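The values are calculated or read from the model by the stated rules, or taken from the named source; none is laboratory data. What you see is a predicted model; the values in this text were computed from it and never measured. Reconstructed Cβ throughout: ideal geometry from the backbone, glycine too, with neighbour counts over all protein chains shown.
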There are 2 protein chains.
Amino acid sequence: MYSIGIDLGGTNIAGAVVDSQGDIVFKASIPTRRERHWEEIVDDIAQLVKSLVKDYGLHMRKIQAVGVGCPGIIDPQKGRVVFASNLAFEDTPIRDRLQKKIKCPIYIENDANAAAYGEYVAGIGKDYDSFVAITIGTGIGSGIVIDNIIFSGAYHGGAELGHTVIRADGRPCPCGRRGCWDIYSSATALIHEAKQVVKKYPESLIYEFSGNNIEHIRPEMVFKAYHQKDPYAYEIIKGYIHNLAIGLVNVINTFQPEAIALGGGISNQKETLLQLINKEIYSEIGKAASSMQTKLEICQLGNDAGIIGAGMLYKLRE
Amino acid sequence: MYSIGIDLGGTNIAGAVVDSQGDIVFKASIPTRRERHWEEIVDDIAQLVKSLVKDYGLHMRKIQAVGVGCPGIIDPQKGRVVFASNLAFEDTPIRDRLQKKIKCPIYIENDANAAAYGEYVAGIGKDYDSFVAITIGTGIGSGIVIDNIIFSGAYHGGAELGHTVIRADGRPCPCGRRGCWDIYSSATALIHEAKQVVKKYPESLIYEFSGNNIEHIRPEMVFKAYHQKDPYAYEIIKGYIHNLAIGLVNVINTFQPEAIALGGGISNQKETLLQLINKEIYSEIGKAASSMQTKLEICQLGNDAGIIGAGMLYKLRE
């Protein structure tokens with residue numbers, strides 16, 4: 001048997017036929033054209049599901065479930081998008097509309113949660129029962145899966161670990177708070193810090209790697225300069241890892257999951273990142289080494305995690 | 001039917017006969033004498049259970065379960081105390097030993113979790129499915145109950161919300177970290193801050209209320225001075241509530257429970273405390289009012305919560 005996973009993004013609707021192990025066997029995508037009315041977008045999702053099935057040479061009888069990951073606050077029980085700021089969706093019953101055109105069980109979930117669930121069932125989380133995925137990208141995203149249940153709070157607006165404060169009265173965050181973990185530990189934060197430093201110290205290798213244009217600074221340039229023993233990159237990375245580790249130890253002291261898996265662009269630094277963080281965590285929690293039963297890992301599925309997780313939502317515990 | 005709840009403390013072992021609604025019908029306690037070998041202490045617990053049953057005029061046939069709340073890291077599945085710093089217990093199989101003398105189901109749980117569970121089943125948490133209890137006393141304690149499951153992490157050392165950092169690089173905490181919520185928001189923190197202020201400004205009403213002895217300052221004196229418009233008390237309370245609210249919004253953004261209930265000495269300030277915190281939370285999260293679907297409450301069972309919760313552990317979802 002197969003299932004269909006859909007990742008509804010602001011730019012594209014990506015979909016795939018997924019086998020029962022969580023492997024993608026066939027993929028396709030269409031533009032979202034998000035300015036449209038939600039019903040048109042949802043009808044396109046239904047159409048994409050049907051083409052995926054047909055083009056892979058299957059019949060809908062062989063599809064046991066369809067799952068859709070959507071941005072925003074999602075009510076999986078009701079199959080509704082409660083609110084999604086980058087789509088014009090508000091209290092939108094997308095499952096009901098899809099169900100009129102698709103005759104198998106349909107699951108709706110927040111896209112970050114779907115991605116975490118993908119890693120949980122078919123990626124690095126496979127061997128763990130409780131698992132927190134932290135995505136370090138434009139912001140800090142988080143998905144929490146415990147004993148095969150996606151945890152997102154009583155009203156589906158929890159699990160916003162990026163918006164827990166680690167530096168009270170610190171830098172303002174677009175969420176309205178000051179000093180959020182997000183503001184210090186996202187890829188955006190690393191780039192921001194590197195720009196400030198390079199403006200002051202253009203002799204840093206980071207400036208050279210950016211083609212002498214600070215607007216082109218990317219996280220990988222900072223790490224490259226760090227590996228080449230650039231003292232400015234060293235200081236930037238040191239401060240960045242310090243903040244990142246503080247938030248990660250907060251996650252451990254809160255959830256103490258079997259594993260935390262890091263995803264997003266920064267996680268491409270794999271072993272470098274894990275070593276830096278593990279060292280900082282040990283210095284951070286000192287003697288409380290028992291907390292470190294939690295393993296730190298790197299996500300495995302990259303951008304496919306969301307589609308795979310959406311396709312596997314039917315495996316969630318009720 | 002009845003059950004027996006036991007709260008094993010460093011000074012006393014308190015126990016009660018609890019009815020199926022979670023009401024205490026009969027109470028007794030004995031000294032712990034914690035310097036003794038664990039087997040002697042556990043044998044005293046068994047003896048206390050038997051006397052409670054007998055003295056209330058029941059037979060063990062009428063007791064459907066015994067529950068014990070213990071300090072430290074507890075493994076409820078194995079019925080063991082993994083570690084308890086204020087008792088000389090280390091990987092101690094207390095359920096097995098009790099089971100030799102008591103022929104009904106026995107449940108072991110961490111004492112803070114048992115107290116949170118007491119509030120969940122028989123106190124302020126009765127009407128909520130997901131619930132976080134925050135005890136503001138010597139430290140900040142926390143207990144998390146979601147859908148009738150006590151949440152304490154994969155290795156029973158999670159849910160330590162007091163030891164999440166809210167002020168990175170802030171004051172050192174005995175746990176080894178710097179800037180823990182605990183260090184800014186416990187009753188101890190409020191007293192510490194008041195002492196510093198009164199040392200500098202003995203004209204504060206707090207000094208008068210302490211009998212001109214700063215060592216006697218208690219939280220209620222700070223609140224009393226605040227109500228009498230003492231400007232020093234006003235500033236102390238303002239800063240204290242600011243830190244407390246930052247941690248509470250972190251809890252909301254993490255768990256988004258239906259309710260957070262505050263317990264411990266500071267919670268005696270009831271309405272004053274709730275009003276101050278609610279006002280601060282609104283200014284803290286600004287427009288993100290949706291998070292505030294979480295209700296803020298005051299615990300109802302006081303010191304009985306632990307005994308009641310222990311007695312009701314048999315009602316937990318497996």
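The residues in the range A:227-250 that are free of Cβ contacts under 8 Å to residues at least 24 places away in the same chain and of a type in the set (S, T, Y) can be counted, and the count is 1. Scanning the range A:137-166 for residues that are in contact with a Ser or Thr (Cβ under 7 Å, 6 or more places away or on another chain), β-branched (V, I, T) and farther than 23 Å from A:G311 by Cα yields A:T138, A:I140, A:T164.
Can A:Y240 be described as part of a helix (DSSP H, G or I), away from chain B (no Cβ under 14 Å) and either surrounded by 23 or more Cβ atoms within 10 Å (Cβ to Cβ) or at pLDDT 95 or above (or both)? Criteria not met by A:Y240. Of note, A:I150 satisfies the criterion of being within 13 Å of another protein chain (Cβ to nearest Cβ), within 16 Å of A:P71 (Cα to Cα) and surrounded by fewer than 24 Cβ atoms within 10 Å (Cβ to Cβ).
Applying the selection to the range A:250-295, what residues are modelled with pLDDT of 90 or more, part of a helix (DSSP H, G or I), within 19 Å of A:D147 (Cα to Cα) and not aliphatic (A, V, I, L, M)? The answer is A:N253, A:T254, A:F255.
To keep it simple, each residue is scored yes or no on (1) aromatic (F, W, Y); (2) out of contact with any helix residue (DSSP H, G or I) (no Cβ under 9 Å at 6 or more places or on another chain); (3) surrounded by 23 or more Cβ atoms within 10 Å (Cβ to Cβ).
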position: B:K100; (1), (2), (3): no, no, no
position: B:K103; (1), (2), (3): no, no, no
position: B:N110; (1), (2), (3): no, yes, yes
position: B:N113; (1), (2), (3): no, no, yes
position: B:Y117; (1), (2), (3): yes, no, yes
position: B:V121; (1), (2), (3): no, no, no
position: B:S130; (1), (2), (3): no, no, yes
position: B:I136; (1), (2), (3): no, no, yes
position: B:G141; (1), (2), (3): no, no, yes
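Among the residues of the range B:175-192, those that are in contact with a strand residue (DSSP E or B) (Cβ under 9 Å, 6 or more places away or on another chain) and facing chain A (nearest Cβ under 10 Å) comprise B:R177, B:R178, B:G179, B:C180, B:W181, B:Y184. Just to be sure before I move on: is A:V165 over 24 Å from A:Y240 (Cα atoms), modelled with pLDDT of 95 or more and either surrounded by 24 or more Cβ atoms within 10 Å (Cβ to Cβ) or under 14 Å from the mean Cα position of the chain (by Cα) (or both) in the structure I sent? The answer is no for A:V165. Check off (1) without any contact (Cβ under 8 Å) to a residue 40 or more places away in the chain; (2) assigned to a helix (DSSP H, G or I); (3) of a type outside the set (A, V, I, L, M, F, W, C) for B:R33 and give me the number that stays unchecked. Of the numbered conditions (1) without any contact (Cβ under 8 Å) to a residue 40 or more places away in the chain; (2) assigned to a helix (DSSP H, G or I); (3) of a type outside the set (A, V, I, L, M, F, W, C), the odd one out for B:R33 is (2).
State all residues of the range A:118-136 that are more than 14 Å from chain B (Cβ to nearest Cβ) and either assigned to a loop (DSSP other than H, G, I, E, B) or under 13 Å from A:F151 (Cβ atoms) (or both); if no residue qualifies, say none.
In the first step, residues of the range A:118-136 are kept if they are more than 14 Å from chain B (Cβ to nearest Cβ); the result is A:118-119, A:121-124, A:126, A:133, A:135-136.
Passing the criteria: A:G123, A:A133.
Of everything in the range B:160-172, what is within 7 Å of chain A (Cβ to nearest Cβ) and in contact with a Phe, Trp or Tyr (Cβ under 6 Å, 6 or more places away or on another chain)? Give them in sequence order.
To start, the set of residues in the range B:160-172 that are within 7 Å of chain A (Cβ to nearest Cβ) comprises B:160-161, B:163-168.
Within the range B:160-172, B:T164, B:I166 meet the criteria.
Against the condition more than 23 Å from B:G176 (Cβ to Cβ), crowded, with 20+ Cβ neighbours inside 10 Å, at pLDDT 95 or above and away from chain B (no Cβ under 11 Å), how does A:P231 come out, does it pass? Here the answer is no, as A:P231 does not meet what is asked.
Restricting the first member to the range A:46-65 and to residues that are without any contact (Cβ under 8 Å) to a residue 60 or more places away in the chain, and the second to residues that are among the charged types (D, E, K, R), the beta-carbon pairs closer than 7 Å and six or more apart or on different chains are A:A46/A:K101; A:M60/A:K103.
Is it true that some residue in the range A:12-27 is farther than 19 Å from A:G309 by Cα and in contact with a strand residue (DSSP E or B) (Cβ under 9 Å, 6 or more places away or on another chain)? Before the answer, list the steps.
Going residue by residue through the range A:12-27, those that are farther than 19 Å from A:G309 by Cα are none.
No, there is no match, as no residue in the range A:12-27 is farther than 19 Å from A:G309 by Cα and in contact with a strand residue (DSSP E or B) (Cβ under 9 Å, 6 or more places away or on another chain).
I'd like the full set of residues that are assigned to a loop (DSSP other than H, G, I, E, B) and farther than 17 Å from B:L262 by Cβ, limited to the range B:165-189. Matches in the range B:165-189: B:A168, B:D169, B:G170, B:R171, B:C173, B:P174, B:C175, B:G176, B:R177, B:G179. Going residue by residue through the range A:99-114, is there one that turns out to be hydroxyl-bearing (S, T, Y) and within 16 Å of the chain's Cα centre (by Cα)? Scanning the range A:99-114 turns up no residue that is hydroxyl-bearing (S, T, Y) and within 16 Å of the chain's Cα centre (by Cα).
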